[in-house]
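Single-structure report; data block below.
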Amino acid sequence: MTTLAKYLNTDAHDPALIDVITTVTEVGKTISQLLKKGALADILGEAGNQNVQGEEQKKLDVLANDLLLDALATNSHCAGVASEELDDATPANADGSLLVLFDPLDGSSNIDINMAVGTIFSILPYQRQGHMSENSDFLQAGNKQLAAGYLLYGTSTVLALTIADNVVMFSLDPDTGDYVLIEDNVQIDADTSEYAINASNYRHWRAPMQQYIDELIAGKTGVRGRDFNTRWVAAMVGDVHRILCRGGLFTYPFDTKDPNKAGKLRLMYEANPMSLLIERAGGAATDAVNRILEVEPTEIHQRVPVVLGSKNEVNYVADLHVKHADQ
């Protein structure tokens with residue numbers, strides 16, 4: 001049996017990276033336990049305030065954020081921490097070599113109805129050791145990530161992680177408290193017949209995305225010549241996990257509903273770490289045309305459109321957008 005500790009503690013992995021990943025996954029155990037207690041732990045309902053995105057925070061949003069922030073701030077290898085829930089990054093240890101970004105509880109609207117939620121994290125190198133970190137230190141393209149992953153709190157707690165060139169999955173054993181390896185080389189099929197999208201925003205999409213979904217709905221009677229199924233978890237972490245397990249496409253495309261938000265998802269906390277996982281599992285991730293991991297961020301709460309998953313389907317979406325641009 002290969003545990004997370006055994007997998008991480010090899011000569012191939014940087015000790016600082018191992019320590020920071022261990023800190024995140026240990027906090028994940030606490031969050032998992034709180035979710036299992038649900039209303040009994042008084043974690044359900046609104047916290048009574050909004051995050052930097054202007055969204056109502058759930059009680060466990062705040063608690064998960066504080067647990068991760070406190071644990072990482074005391075990790076000697078962590079130079080700074082950025083959370084989706086906070087306006088600015090938090091300096092930690094000036095001599096640290098790593099920066100950590102996280103979404104403490106993706107899909108938190110699912111908490112009160114007992115559906116899947118998760119923690120997403122991204123780890124970047126820190127270049128100014130000896131100085132306190134600032135927001136600007138986090139503004140690195142996604143291809144600079146040293147590691148990324150998520151913890152999915154569902155019927156079981158699952159960790160998906162990428163450090164080197166592959167993606168691995170672990171399941172938290174409730175009896176031993178160990179994360180146990182369940183998949184050591186996750187791969188996504190290039191083709192799929194499943195897609196995830198919030199169809200209620202159809203009227204706000206650009207023409208090529210409307211055409212794409214129209215083609216999928218037409219199924220075998222349309223130009224695609226086969227039927228497709230819609231799957232939607234309402235938590236990116238759940239939809240990405242399904243794609244890593246059995247393929248598929250997930251998209252939250254550009255829409256015109258709010259002119260100030262080019263996309264709903266956050267580049268640094270959601271799009272970048274998930275794109276790294278998807279690409280290393282053989283899939284693709286774009287903003288509909290351009291590779292997400294090459295986007296140069298301009299601020300830590302930047303939003304982007306996202307199309308990710310099975311490579312051939314992601315490329316098909318990109319081709320439609322290019323064709324429309326040429327017309």
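Just to be sure I understand: of the beta bridges DSSP finds with both ends in segment 4-183, what percent are antiparallel, rounded to 5?
85
Counting only DSSP beta bridges with both residues in segment 194-326, tell me the antiparallel percent, nearest 5.
75
Cut-off 10 angstrom, C-alpha nodes, Gaussian network model of the chain. Which of TYR252, TYR269, TYR316 fluctuates the most?
TYR316
For the chain, what relative contact order do you get, as a whole percent, if you take Cα pairs closer than 8 Å and at least 6 residues apart?
15
Once label points are set 7 Å from the Cα along Cα→Cβ at both LYS323 and TRP232, what is their separation, rounded to one decimal in nm?
Spacing of the two 7 Å Cα→Cβ label points: 2.5 nm.
7 Å from Cα along Cα→Cβ at both ARG246 and GLU26: what's the point-to-point distance in nm?
Label at ARG246, label at GLU26, 3.7 nm between them.
If a/c stays under 1.5 just call it rounded; otherwise compare a/b with b/c (prolate if a/b is bigger, oblate if not). Do that for segment 4-183, with a ≥ b ≥ c from the square roots of the Cα gyration tensor eigenvalues.
oblate
Check the straight Cα-Cα distances from LYS257 and name the lysines below 30 Å, setting aside those fewer than 8 residues away within the same chain.
Excluding near neighbours in sequence, the set is LYS58, LYS59, LYS311, LYS323.
Please sort 258-266, 136-144 by packing, taking for each peptide the average over its residues of neighbouring beta carbons within 10 angstrom, highest first.
By packing density, highest mean first, the sequence is 136-144, 258-266.
Sequence gap at least 6, Cα distance under 8 Å: using those rules, report the relative contact order of segment 194-326 to the nearest whole percent.
Value for segment 194-326: 27 percent.
Test of understanding: in a Gaussian network model of the chain with alpha carbons linked when under 10 Å, which of ASP287, ASP103, ASP175 would top the mean-square fluctuation ranking?
ASP175
Say each of VAL223 and ALA141 gets a label point 7 Å from the Cα, pointing the same way as Cα to Cβ; how far apart are those two points in nm?
3.1
Along segment 163-180, what does the Karplus equation 6.51 cos²θ - 1.76 cosθ + 1.60 (θ = phi - 60°) give for ³J(HN,Hα), rounded to whole Hz, x for Gly and Pro?
For segment 163-180, the Karplus-derived couplings read 10, 9, 9, 10, 10, 10, 10, 10, 10, 7, 7, x, 7, 9, x, 9, 8, 10 Hz, x marking Gly and Pro.
Arrange LEU101, LEU69 by Cβ neighbour counts within 10 Å, fewest through most, would you?
LEU69, LEU101
If each residue of separation counts as 0.36 nm, what is the full-extension length gain between THR90 and GLN210 once their alpha-carbon separation is subtracted?
39.2 nm
Values quoted throughout were computed directly from the atomic coordinates according to the rules given, and no laboratory measurement underlies them. Not measured: the values here are computed from a predicted model. We place every Cβ from the backbone using ideal geometry, glycine too, and count neighbours over all the protein chains shown.
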